[in-house]
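S.K.: Can you read through this structure? Questions will come right after.
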Amino acid sequence: EMEAQLGQDDGAAQKRARMNAETKVVYLVASGDLRLSANKLCWQAQQEMEAQLGQAFKALGWEVIRAHPFDPKLQHGFIWNQRMGMDVFRSIPKDAFVVVAEAVWQYSYHVLAGLRDHVGPVLTVANWSGQWPGLVGMLNLNASLTKMQREYSTLWSETFTDEFFVSGLGQWLREGRIQHDQSHVQVADLTQFPAELVSLGSELGRELRERKAIMGIFDEGCMGMYNGIFDDEVLNATGIYKERLSQSALIAEMRLVTDKEATDVFQWLVQCGFTFNFGSDEATELTKAQVHEQCKMYIAAIRIAHDFSCDMIGIQYQQGLKDMAPASDLPEGLMNNVERPPVFDRTTGAELFNGKAVVHFNEVDQGAAVDALVTNRVWTKLGFDPATTLHDIRWGSQYQSDDGMDEFVWVFEISGSAPPSHFKDGYKGASGERQPPMYFPLGGSTLKGVSKPGEIVWSRVFLMDGVLNVDLGRATVVDLPAEETERRLLNTTPQWPIMSAVLHGVSRDQMMARHKANHIQVVYAPSAEDADKALRVKAAMFDAMGIRVFLCGKV
């Protein structure tokens with residue numbers, strides 16, 4: 001089945017395309033980061049991409065007009081705040097063809113206001129590179145437009161001369177829309193699942209809606225991710241309610257944590273085999289002082305979660321805490337692991353969440369929050385390790401081995417931490433490196449590791465058509481040679497944890513066309529059979545919560 005993004009009206013789109021074809025002009029905008037350091041460093045990659053993109057339009061007889069100039073004072077040409085985005089779109093004819101070109105991570109809200117009111121066709125484009133990364137930025141923008149119910153088309157390319165890209169671009173210029181193959185997506189039919197699995201999942205879903213759950217959220221919205229904010233009216237219908245917490249309260253609670261308590265957490269990690277790569281320069285290297293503060297944040301977050309009876313918590317960090325505390329990633333990865341440093345009640349001394357993961361959703365992404373909670377409930381019920389995390393869909397490439405492997409292997413990589421039970425050798429395979437200074441001025445340790453080979457269930461909860469949906473699929477994490485893993489790390493962010501995944505029955509281009517987020521949720525199962533079983537229970541639980549369920553690929 002060939003589908004257009006959001007079921008765009010063919011007649012209206014083609015009429016606008018014919019009108020614009022007379023002038024053959026397309027307006028280009030580039031949303032960037034809010035952080036000046038990132039925009040300056042990434043500008044060269046954006047320039048290179050725009051040059052390639054311009055040639056592609058020229059080859060089809062179209063002119064590209066950049067809607068906003070390079071700023072010599074700032075040393076970049078990105079739209080770097082919401083007001084600027086609003087003003088830029090005022091200068092673009094309402095019915096014009098607009099391309100949003102991304103070679104970098106960007107804040108979607110910079111351009112959402114302009115795109116919401118724009119009448120003409122919109123195309124989002126990213127370069128197929130893991131460097132900064134434009135793919136992640138474009139996927140977030142696509143998801144935000146989907147939530148907004150704003151029609152758009154999307155493309156990606158490594159060279160901008162390949163048949164897939166040129167053919168898609170030609171269709172967009174002719175028709176104002178692009179059709180992508182989404183035949184891998186089907187509505188879940190629970191009647192085709194074993195009855196006992198549906199019964200178990202349905203019971204878990206009904207229990208959640210009846211007893212309800214609390215989502216503790218330390219400031220909503222992270223880095224312009226509009227798609228990751230769910231309205232209370234939509235969320236409450238599933239049984240989940242927000243406890244709106246403040247990051248200032250987290251800082252205040254950190255001040256109440258004693259140095260001894262923080263040192264105990266650090267020593268616990270060292271004794272488990274965790275390796276910290278320390279230096280002495282606070283500006284560019286990881287220091288013990290940074291990790292000490294992260295250990296305090298770990299304790300403070302768990303204590304607040306207990307105080308408010310939270311079933312899950314999320315910390316915004318960017319931008320709110322980046323100038324006040326080291327990165328939150330190390331605490332986040334530890335919380336999502338069942339085996340983790342103990343935290344005790346500040347008054348009674350009782351251990352908090354003993355023997356359990358404290359479900360955490362990175363970057364306060366509420367789609368990840370709902371998913372992580374459901375995963376935790378299902379995997380715990382089945383007796384599986386419930387450690388789960390989100391990753392960015394960062395990049396990927398074909399991999400061929402001497403023993404006959406020939407697969408497209410995705411690079412899943414989250415900005416700083418994953419549960420140690422996901423890694424080869426657990427804590428012994430984990431290491432801490434300083435977060436990149438351009439994003440994290442106060443540093444902090446990552447929780448880095450190479451994900452172990454095994455069977456996983458992947459998923460994503462997202463807003464589309466004004467309601468919650470979830471895509472579910474299966475994948476295998478593969479054990480690549482060390483030199484290939486290193487190559488992939490060096491082409492992305494080597495300080496961060498990596499997962500090398502082969503999706504079941506979903507091609508690269510199908511995944512990019514369908515996926516409505518920059519994030520993907522992953523969780524291991526003991527075997528392929530167990531993963532298939534757990535996926536079905538999870539689908540039934542989502543269905544019982546009133547969430548539309550789609551199956552992707554071979555499940």
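S.K.: Got a sec? Which residues in the range 496-526 would a label at Ser37 touch, if it sits 7 Å along Cα→Cβ and we count backbone N under 17 Å?
M.R.: Taking a point 7 Å out along Cα→Cβ of Ser37, the residues of the range 496-526 whose backbone N falls under 17 Å are 496.
S.K.: For the range 501-555, compute the orientation-averaged projected area of the C-alpha convex hull (one quarter of its surface), in nm².
M.R.: With the hull built on Cα positions only, its mean projection is 4.3 nm².
S.K.: Computed over the Cα atoms of the range 365-502, what is the convex hull's projected area averaged over all directions, in nm²? Provide the component values of the computation, followed by the final result.
M.R.: On the way: hull surface 40.4 nm².
Averaged projected hull area, Cα only: 10.1 nm².
S.K.: While we're looking at this one, here's another question. Rounded to the nearest percent, how much of the accessible area of the range 381-450 (1.4 Å probe, protein heavy atoms only) is carbon and sulfur? If you can, show how the numbers build up before the last one.
M.R.: Details: 1070 of 2280 Å².
Here carbon and sulfur together make up 47 percent of the probe-accessible area.
S.K.: Within the set of other residues whose C-beta is less than 11 Å from the C-beta of Thr263, count the net charge using Lys and Arg as +1 and Asp and Glu as -1.
M.R.: 0
S.K.: Expressed as an acute angle from 0 to 90° and rounded to the nearest 10, what is the orientation of the C-alpha long axis of helix 288-307 relative to the principal long axis of the chain?
M.R.: 80
S.K.: Another one. Once the Cβ-Cβ distance between Ser167 and Ser248 is put in as r, and R0 is 51 Å, what FRET efficiency do you end up with, to the nearest 0.05?
M.R.: In this case the efficiency is close to 0.50.
S.K.: What size of dipole, in debye to the nearest 20, comes out for the range 67-206 about its Cα centre when the only charges are +1 on Lys and Arg C-beta atoms and -1 on Asp and Glu C-beta atoms? Write down the numbers at each step before the final one.
M.R.: Numbers: 10 positive and 14 negative charges, 131 e Å.
I would put it at about 620 debye.
S.K.: Could you sort Arg346, Arg434 by their accessible area in this structure, using a 1.4 Å probe and putting the largest first?
M.R.: Largest accessible area first, the residues go Arg346, Arg434.
S.K.: Here is a further query. May I ask you to list the trypsin sites (Lys or Arg not before Pro) in the range 178-227 that are in a DSSP loop and have at most 15 other Cβ atoms within 10 Å of their Cβ?
M.R.: Listed in order of number, the matching sites are Lys212.
S.K.: Report the percentage of all Cα-Cα pairs in the range 379-434 whose separation exceeds 14 Å, rounded to a whole percent.
M.R.: 70
S.K.: Rounded to the nearest 20 debye, what is the charge dipole size of the chain about its Cα centre when +1 sits on each Lys and Arg Cβ and -1 on each Asp and Glu Cβ?
M.R.: 1000
S.K.: OK, next. Over the residues of the range 50-175, compute the C-alpha Rg and express it relative to 2.2 N^0.38 Å. Walk me through the numbers on the way to the answer.
M.R.: Details: Rg = 13.9 Å, N = 126, 2.2 N^0.38 = 13.8 Å.
Output field value: 1.01.
S.K.: I've got another one for you. Working from Cα positions, state the angle (0 to 90°, nearest 10) between the long axis of helix 528-544 and the longest principal axis of the chain.
M.R.: 80
S.K.: Please report the Cα spread of the chain along all three principal axes, rounded to whole Å, starting with the longest.
M.R.: Dimensions of the chain along the principal axes of its Cα atoms: 74, 60, 53 Å.
S.K.: At what distance in angstrom do the alpha carbon centres of the range 155-229 and the range 338-363 lie from each other?
M.R.: That distance is 31 Å.
S.K.: Arrange the peptides 318-330, 134-146 so that the one whose residues have, on average, the most other Cβ atoms within 10 Å appears first.
M.R.: 134-146, 318-330
S.K.: Just want the answer: with Cβ charges of +1 for Lys and Arg and -1 for Asp and Glu, which residue in Gln510, Leu551, Val523 is farthest toward the dipole's positive end in the range 488-555?
M.R.: Selected residue: Gln510.
S.K.: Might you report the magnitude of the Cβ-based charge dipole of the range 416-540 about its Cα centre, with Lys and Arg at +1 and Asp and Glu at -1, to the nearest 20 debye?
M.R.: Charge dipole of the range 416-540: 220 debye, to the nearest 20.
S.K.: Net charge around Trp80, counting only other residues with Cβ within less than 14 Å of its Cβ (Lys, Arg = +1; Asp, Glu = -1)?
M.R.: Working: positive: Arg35, Lys40, Lys73, Arg83; negative: Asp33, Asp71, Asp87, Glu102.
My count for the surroundings of Trp80 gives 0.
S.K.: What whole-number value in cubic angstrom gives the convex hull volume per residue for the C-alpha atoms of the range 140-224?
M.R.: Hull volume normalised by residue count: 200 Å³.
S.K.: Would you kindly work out the equivalent ellipsoid of the range 441-555 from its C-alpha gyration tensor and give its semi-axes, the square roots of five times the eigenvalues, largest first in whole Å?
M.R.: The three semi-axes for the range 441-555 are 27, 18, 14 Å.
S.K.: For the range 77-145, how big is Rg over Rh, using alpha carbon atoms and the Kirkwood form of Rh? Show your work: numbers first, answer last.
M.R.: On the way: Rg = 11.6 Å, Rh = 12.2 Å.
In the range 77-145, Rg relative to Rh is 0.96.
S.K.: Tell me the Kirkwood radius of the range 434-497: reciprocal of the mean inverse pair distance over distinct alpha-carbon atoms, in Å.
M.R.: Value: 14.8 Å, from the Cα pair sum.
S.K.: Sum -39500 (n - 2.57) across every DSSP H segment of at least 4 residues in the chain, then divide by the residue count to get the 222 nm mean residue ellipticity, nearest 500.
M.R.: When only DSSP H runs of four or more count, the value is -11500 deg cm²/dmol.
S.K.: Over the chain, average the accessible area per residue using a 1.4 Å probe and give it in Å², no decimals.
M.R.: Accessible surface, normalised per residue, equals 37 Å².
S.K.: Counting only protein heavy atoms and a 1.4 Å probe, tell me what percentage of the range 49-188's accessible area is made up of carbon and sulfur.
M.R.: The computed percentage sits at 51.
S.K.: Sticking with this structure for a sec: Quick one: net charge around Phe408, please, counting Lys, Arg +1 and Asp, Glu -1 for every other residue with C-beta under 12 Å from its C-beta. Present the calculation step by step, with values, prior to reporting the outcome.
M.R.: Working: positive: Arg508; negative: Asp406, Glu407, Asp509.
Net charge in that neighbourhood comes out at -2.
S.K.: Additional query: Name the residue from Phe384, Thr275, Leu245 whose Cα lies farthest towards the positive end of the charge dipole of the chain, charges +1 on Cβ of Lys and Arg and -1 on Cβ of Asp and Glu.
M.R.: Leu245
S.K.: Relative to the first principal axis of the alpha-carbon coordinates of the chain, what is the inclination of helix 366-382, with its axis defined by its Cα atoms, in degrees from 0 to 90 and to the nearest 10?
M.R.: For helix 366-382, the angle is close to 50 degrees.
The values are calculated or read from the model by the stated rules, or taken from the named source; none is laboratory data. Quick caveat, the model's predicted, so the values are computed rather than measured. Because the Cβ atoms are built from the backbone with ideal geometry, glycine has one as well, and the counts that use them run over all protein chains shown. Heavy atoms of the whole protein, side chains included, go into the accessibility calculation; ligands, DNA and RNA do not. Shrake-Rupley method; radii C 1.70, N 1.55, O 1.52, S 1.80 Å.
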